[in-house]
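Below: the structure, in C-alpha cells.
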Amino acid sequence: MLLPVALLTIGAFCQTFDVASVKASKSTGGRVAITSDPGRISYTNIMLRRLLLAAYDVKNYQLMGPEWLDTLRFDITARIPDGATEEQLHAMLRDLLATRFKMTIHLESKELPIYALLVAKNGPKIKPHDGASTGEEQVAAMQKDEGKDGFPVLSLPTAGLVIETRNGRARVSAKEVPIEKLADLLSGQLGRPVFDRTGLAGNYSFVLYFTPESGEGSEPFLFAALQQQLGLKLESRKGPVELLVVDHAERVPTEN
C-alpha cells in the first residue's frame, strides 16, 4: 500500500478544530473511550498511536515511532466546524498532532519480512457473495451452533469482520468482505504485514476458528486453520513496506 504524498502535508486542507482540549489522562484503567457526536469528538484515555492511525489512515504495522506512543494516554475533546468532511476531519487531527505535540513525520519504504496470503494447493473453500442474498444464511447457521462453538450469539446485519477470543480459542466472523480485509486482520494477529495475493475477487462470508499462539484451545493454530477451513495459506517472504515514521513528538502537549 502506497501512502499518498498529501499525508506529509499536515493541515493540507487548512482545517483546524474550532476548539480543542488536550490533556494527559488521569484514568487509572486501560479502557479507551471514543465518542463522536454531531459537531464534536471526544477521546478518553487514548494513546497517540491510535490517534495517528486515524489521522493518517494507515495500518498498525506501517507506523514507527517512540515507545511512549503506546504507553502515554491523553484525553482529547474538540469541536468540529460545521460541514466538515471525513477527509477534513483527518486533516484536523493531523494539525492537532503537529501544533499540540510538535509532531513531525516522514514516509519511507523498507524491505521487511511479510506474509503473502495465497490460495492453497487444492483451491479456496469459500465462494464469493453473488448478490442473490444478504449473507444471513451463514450468520443464522452460526447462531444455531451457538451451544457447540461456545461463543456469544453474533449478528452481522451489514458487511463487516469481527474477531473474538474466548477460553483460549478465537473466532473470526466475516460477512461480505473482500479478502484484503482478512489480510488486514491477519496483519494484526501476526505482527507482520500480510498482503492479499490470492487473486480472489468479490466479497466473502465465512467463519474461521483457531487457537491463538498463546492459547490452549482445541482448534488448530492460525496457519493450519486457514488451510483447513478457508483453503488459504500464508507464505513468508520479504517485500517493500511503506512506513510512516514519527521523527519527533513532545510527550507533554502545549497548553489549551
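The values are calculated or read from the model by the stated rules, or taken from the named source; none is laboratory data. Quick caveat: nothing in here was measured; it's all calculated off a predicted structure. Here Cβ is always computed from backbone atoms with ideal geometry, including for glycine, and neighbour counts include all displayed protein chains.
Just the residues that are at pLDDT 85 or above and either surrounded by 19 or more Cβ atoms within 10 Å (Cβ to Cβ) or part of a loop (DSSP other than H, G, I, E, B) (or both), please, taken from the stretch 210-221.
Within the stretch 210-221, Phe210, Thr211, Pro212, Pro220 qualify.
I'd like to check something: does the stretch 99-121 contain any residue that is assigned to a helix (DSSP H, G or I) and in contact (Cβ under 8 Å) with a residue 40 or more places away in the chain? Walk me through it before giving the result.
Of the residues in the stretch 99-121, the ones assigned to a helix (DSSP H, G or I) are 99-100.
From what's left, in contact (Cβ under 8 Å) with a residue 40 or more places away in the chain: 99-100.
Looking for residues that are assigned to a helix (DSSP H, G or I) and in contact (Cβ under 8 Å) with a residue 40 or more places away in the chain, one finds at least one in the stretch 99-121, hence yes.
Of the numbered conditions (1) part of a strand (DSSP E or B); (2) crowded, with 16+ Cβ neighbours inside 10 Å; (3) more than 22 Å from the chain's Cα centre (by Cα), Lys23 fails exactly one; give the number of that condition.
Of (1) part of a strand (DSSP E or B); (2) crowded, with 16+ Cβ neighbours inside 10 Å; (3) more than 22 Å from the chain's Cα centre (by Cα), only one is false for Lys23: (2).
Residue by residue through the stretch 81-132, note down the ones that are hydrophobic (A, V, I, L, M, F, W, C), surrounded by 15 or more Cβ atoms within 10 Å (Cβ to Cβ) and over 24 Å from the mean Cα position of the chain (by Cα).
Within the stretch 81-132, Ala120 is the sole residue that qualifies.
Test Glu250 against the criterion of being free of Cβ contacts under 8 Å to residues at least 12 places away in the same chain and under 30 Å from Leu72 (Cβ atoms), and give yes or no. Break it down into steps so the answer makes sense when it comes.
On the way: free of Cβ contacts under 8 Å to residues at least 12 places away in the same chain: no; under 30 Å from Leu72 (Cβ atoms): yes.
In short, no.
Which residues, counting only those in the stretch 204-247, are without any contact (Cβ under 8 Å) to a residue 24 or more places away in the chain and more than 15 Å from Ala183 (Cα to Cα)?
Answer for the stretch 204-247, where residues must be without any contact (Cβ under 8 Å) to a residue 24 or more places away in the chain and more than 15 Å from Ala183 (Cα to Cα): Glu213, Ser214, Pro220, Phe221, Ala224, Gln228.
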